[in-house]
Amino acid sequence: MTDIKITIVDREGVRHVVDAPTDMNMNVMELVRAYELAPEGTIGICGGMAMCASCQCYVLNDVALPEKNPDEDAMLWEAFNVKENSRLGCQIHLTPEIDGLEVELAPDM
């Protein structure tokens, strides 16, 4: 099992450095849910299908993330509180390449 470190700033502004397993096919949205860093029912409402933007987060550092796919791009076009560094947590898969990623959860709508 290979774990990486991810820093997540929750919606209260509290920083959490968490261990993220890369061998379970998880994404950032699922990691937030696993560590209970957002109230239940406020993140991942669509189940990780890039259809609701409830898992929107802001990427705070320069980690090489995969490009946005068309579904993610379209959802962010319609979402609230979108910034230049916005991504959907459900579309950021936990891989060794993103070790050290820092994200901040977007405000809950």
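Rule-based calculations on the coordinates, nothing more; no lab input. None of these values were measured; they are calculated from a predicted model. Neighbour counts are summed over all protein chains in view; Cβ atoms, including those assigned to glycine, are modelled from backbone coordinates with ideal geometry.
Just a few scattered comments:
- Mean separation of Cα pairs under 8 Å and 6 or more residues apart, divided by the residue count, gives the range 1-60 a relative contact order of 23 percent.
- Euclidean distance between Cα centres, the range 55-96 to the range 1-34, Å: 15
- Judged by a Cβ-Cβ distance under 4.7 Å, the unpaired cysteines of the chain are C55, C57, C90.
- MRE, 222 nm, helices only [DSSP H, n ≥ 4, -39500 (n - 2.57), over the chain, to nearest 500]: -4000 deg cm²/dmol
- Listed candidates (1) 2.54; (2) 0.96; (3) 1.19 - label of the one calculated as Cα Rg over 2.2 N^0.38 Å: (2)
- Added length on full extension, which subtracts the Cα-Cα distance from 0.36 nm per residue, D62 to T7: 18.5 nm
- Extension gain from N69 to T42, taking 0.36 nm per residue of separation minus the Cα-Cα distance: 7.4 nm
- Qualifying GluC sites (Glu not before Pro) in the range 5-109, DSSP loop, other Cβ atoms within 10 Å at most 16: E12, E36, E40, E67, E84
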